[in-house]
1. Could you tell me which residue of segment 114-148 is farthest from Val74 (Cα to Cα), considering only residues that are under 21 Å from the mean Cα position of the chain (by Cα) and in a helix (DSSP H, G or I)?
2. Out of Leu78, Leu111, Leu86, I need the residue that is at pLDDT 90 or above, closer than 15 Å to Leu136 by Cα and in a strand (DSSP E or B). Which one?
3. Show the residue pairs meeting these rules: Cβ distance below 8 Å; 6+ apart or different chains; first residue within segment 125-144 and over 16 Å from Val105 (Cβ atoms); second residue modelled with pLDDT of 85 or more and among the hydroxyl-bearing types (Ser, Thr, Tyr).
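The values are calculated or read from the model by the stated rules, or taken from the named source; none is laboratory data. A quick note: this is a predicted structure, and the numbers were derived from the prediction, not measured. FYI the Cβ positions are ideal-geometry reconstructions off the backbone, even for glycines, and counts take in every protein chain you see.
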Amino acid sequence: EPSSHVDWSSGAVELVTASREWPGVERPRRAGVSSFGISGTNAHVVLEQPEPEAVPEVAAEPESAGGASVALPVPWVLSGRSERGLSGQAGRLASFVRGRGLSPVDVSWSLATTRAALEYRAVVWGSDVDELVVGLSAVAEGRSAGVVSAGRRAVLFTGQGSQRVGMGRELYEAFPVFAA
């Protein structure tokens with residue numbers, strides 16, 4: 001919905017509310033996008049069309065016996081209202097995906113964006129459906145699905161966004177409480 005606080009009848013600015021063709025020109029096309037948040041968080045970006053030869057070809061996902069495979073492990077996120085609910089969810093999902101040829105990436109996306117985040121949670125990682133089903137079966141049986149690597153993983157959320165490249169790493173190195 002267009003904001004009533006903007007005079008849309010003056011000037012050449014208009015609100016785009018649906019997909020539309022972006023006409024070609026004799027130079028790279030550019031667009032500016034700005035977003036203004038109530039809390040003072042503002043984001044601005046200039047998008048530029050890549051040169052045609054700079055666009056890499058996307059390879060199709062390779063197939064495996066248990067379904068589509070991906071190059072890197074993907075997470076399948078599960079949750080339940082109780083431990084029993086979580087293990088039941090894992091078992092049902094394992095039964096559902098076996099032999100269907102589903103893409104691990106598509107299932108990962110669907111689990112992360114369409115399911116409730118309930119109190120009891122588990123994540124299994126894998127590069128193909130067979131590997132992910134092994135993890136789901138372990139969760140269904142109340143066992144640990146194992147560790148993807150011996151290292152620890154962390155995601156740093158630095159507040160309203162980092163103010164400069166490397167800010168989160170510098171905080172990690174300088175402040176033990178931040179690193180923990």
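1. Going through the qualifying residues, I end up with Thr114.
2. Values: Leu111 fails: in a strand (DSSP E or B); Leu86 fails: in a strand (DSSP E or B).
The unique qualifying residue is Leu78.
3. Close Cβ pairs satisfying both conditions: Val139/Ser87; Ala140/Ser87; Glu141/Ser87; Gly142/Ser87.
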